[in-house]
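Only one structure is covered here, and it is reproduced in the block below.
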Amino acid sequence: MRRLSEALYLAAITLWVGGMWAIGYIAAPVLFSTLGDRQLAGAVAGRLFALIGWIGLASAAYLMIFMTARRGVHVFRNAGFWLVFLMVLLVAASQFGIQPLMAQLKAAALPREVMESVMRDRFAAWHGISSILYLVQSLLGLWLVVWADRGLK
């Protein structure tokens with residue numbers, strides 16, 4: 001059973017961090033450079049970011065349970081635990097704060113595209129904040145990958 005839980009630990013990190021990097025830095029740019037319709041590209045990218053957000057929440061839950069079961073109360077001395085904790089805070093802020101706010105701004109702009117409406121500046125500001133949080137989360141994820149074996153000890 002221990003080998004299975006360790007394999008799931010590594011798989012959760014791989015799925016979450018690998019998915020973040022693949023979507024944020026490969027799929028989304030390709031969508032915007034390939035599709036002629038920026039609104040469609042944004043909608044597809046938004047769905048992908050939402051999906052990886054849910055994957056991140058599920059992965060973080062498993063990782064935190066795994067680390068706590070492995071270390072008990074000493075888990076709070078583990079850097080990997082705090083990396084996962086910070087990452088899940090960023091995911092939650094995006095999933096439950098920023099993304100719904102951006103969706104409201106898009107809805108308020110209808111029937112026009114949000115970037116062609118009076119909501120453009122607010123949307124661009126929140127999009128920028130979201131992008132910065134995603135970058136920070138991606139870098140923390142890279143750090144988590146580098147330190148993944150420390151969670152197994």
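The values are calculated or read from the model by the stated rules, or taken from the named source; none is laboratory data. Everything numeric here is computed off the predicted structure, so don't read it as measured data. Using ideal geometry, Cβ is built from the backbone for each residue, glycine included, and neighbour counts are taken over all protein chains shown.
Of note:
- Residue within region 1-22 that is at pLDDT 95 or above, closer than 20 Å to Gly97 by Cβ and touching a Gly at 6+ places or on another chain (Cβ under 8 Å) present: yes
- Count of region 1-17 residues which are surrounded by 14 or more Cβ atoms within 10 Å (Cβ to Cβ) and not charged (D, E, K, R): 9
- Just one of the listed residues (Met20, Met67, Met102, Met115) is surrounded by 14 or more Cβ atoms within 10 Å (Cβ to Cβ), hydrophobic (A, V, I, L, M, F, W, C), without any contact (Cβ under 8 Å) to a residue 60 or more places away in the chain and part of a helix (DSSP H, G or I), namely Met102.
- Entry remark, region 38-64: residues being of a type in the set (D, E, K, R) and without any contact (Cβ under 8 Å) to a residue 40 or more places away in the chain number 1 in total.
- Some residue of region 57-64 being assigned to a helix (DSSP H, G or I), in contact with a helix residue (DSSP H, G or I) (Cβ under 7 Å, 6 or more places away or on another chain) and among the small types (Gly, Ala, Ser): yes
- Number of the condition not met by Val136 [criteria: (1) of a type in the set (A, V, I, L, M); (2) touching a Leu at 6+ places or on another chain (Cβ under 8 Å); (3) loosely packed, with under 14 Cβ neighbours inside 10 Å; (4) modelled with pLDDT under 95]: (4)
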